[in-house]
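Report on the following structure.
What follows is calculated from the coordinates using simple rules that are stated; it is not laboratory data. Predicted model only: the values in this text are computed from it and were never measured. Neighbour counts run over all protein chains shown; Cβ positions are idealised from the backbone, glycine included.
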């Protein structure tokens, strides 16, 4: 009887964790249990589940989150499951630990079997321009109609009518951490999630780690900020892609002129029998064709996946090509206010093998399986983030830059209440359309009245400027 009761308690915890694909912290689990035990008892039961392999723990201390290992599509909630009647998933990745198990299609499993053969057993191949040139935007598709419809359903943030990048700006702090860490991790970066958090939030590099690891993560931060802040201007064009590479490759390549410049010499791919193009003029031609093709694709998910396929395949830059592809995949998602793709939980080996399938076989099915699964994980995560943030005021979002400008000017100008009122009204009359002026003035005045030591930095004023203004404002 005692053993059965203990097992029932463990199963209750498993059910709670299973219902949260994005992972559950200890307080989440305690709050969801019908009769939560004391904290120490719950910690003991969680440790028992982890030690027995029934749960996986990520992080430590108060940052710890628990997941069910190797969640399969059949185990996810209905709104996160893809309908694929023509190509059912047949199993998890073979020869991988349970914590990394991922569902694969038959075609994906076939590709995986090939790329796991020894290099000597695989046929050497070169770059095939026809793979790119035969693709016809909005006629050719790597993702099925069902895939694209389901991705849109789970990726919809509910704010599509807002300016491009609105959703990404709402969750920017979380996205900077998640995408910087996961994309760097897929390159072999040794920083932990907490190391990344400290580096991005307070600029503290981890002791004993390679400086290149810190540089890689900081480069991701800069690149993500560029994409989000310039959301209305970015696209699959030279301006965006070259600057994206420059941000990601900064201080990481032997040639200081290489960031943001197309490749001028041949390169090899370690562990692969694939030989990229060598002639610079052919690289240039295919790069321009890639951009034109990608820009013409209308569906944001097909566009994102096209970038993940053809950017690494072309190897347009000296290095950092896969990093560019992962962030470029977010361009259409950011612009369309869809949930971003942060590559949450994607195993490094499986991602590498999926890219090898593109290199050596010009087949996309394994990378597609990774993409679909990864987007489900990311969408679930950011749905929870959005719920915790609540609904922002769309008026304030639309006029965010204007509010920062007018409030910052009042502080830097050391204006008293009368001067501030006159300035806000004059500035608003010059820059805000007539129907919205009254509301804008009201919000600006409330912002000024609510300022204190803990919130003035967002207006990019120095502490000395704020202190001087506050003395005048209070008199």
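For the ranges 242-254, 309-321, what's the packing order if you count other beta-carbon atoms within 10 Å of each residue, average per peptide, and put the highest first? Display every interim value, and only then the final one.
On the way: 242-254: 19.1, 309-321: 23.5.
Ranking the peptides 242-254, 309-321 by packing returns 309-321, 242-254.
Placing a pseudo-label 7 Å from each Cα along the Cα-to-Cβ vector at residue 156 and residue 472 gives an inter-label distance of 5.0 nm. The packing ranking, built from the mean of other Cβ atoms within 10 Å per residue, places the peptides 367-374, 188-195, 338-345 in the order 338-345, 367-374, 188-195, highest first.
Take the Cα radius of gyration of the range 175-247 and divide it by 2.2 N^0.38 Å, with N its residue count; two decimals is plenty. Display every interim value, and only then the final one.
Working: Rg = 12.8 Å, N = 73, 2.2 N^0.38 = 11.2 Å.
Taking the Cα Rg and dividing by 2.2 N^0.38 Å, one obtains 1.14.
Structural size metrics of the chain, computed from C-alpha coordinates, are Rg and Dmax of 25.1, 82 Å.
For the peptides 214-220, 28-34, the ranking by packing is 214-220, 28-34, with the highest mean count of neighbouring Cβ atoms within 10 Å listed first. Rg of the Cα atoms in the range 385-475, relative to 2.2 N^0.38 Å, amounts to 1.13. Multiplying the residue separation of residue 282 and residue 264 by 0.36 nm and subtracting their alpha-carbon distance yields 5.5 nm. Over the range 102-257, the alpha carbon radius of gyration divided by the compact-protein estimate 2.2 N^0.38 Å works out to 1.30.
Averaging 1/r across all pairs of distinct Cα atoms in the range 268-404 and inverting the result yields a Kirkwood radius of 16.7 Å.
Calculated from DSSP H runs of 4 or more alone, at -39500 (n - 2.57) each and per residue, what is the 222 nm mean residue ellipticity of the chain, nearest 500? Before the final figure, lay out each step's value.
Working: 22 runs with 265 residues, N = 475.
Dividing the helical sum by the residues of the chain leaves -17500 deg cm²/dmol.
Dividing the mean sequence gap of close Cα pairs (under 8 Å, 6+ apart) by how many residues the chain holds gives a relative contact order of 16 percent.
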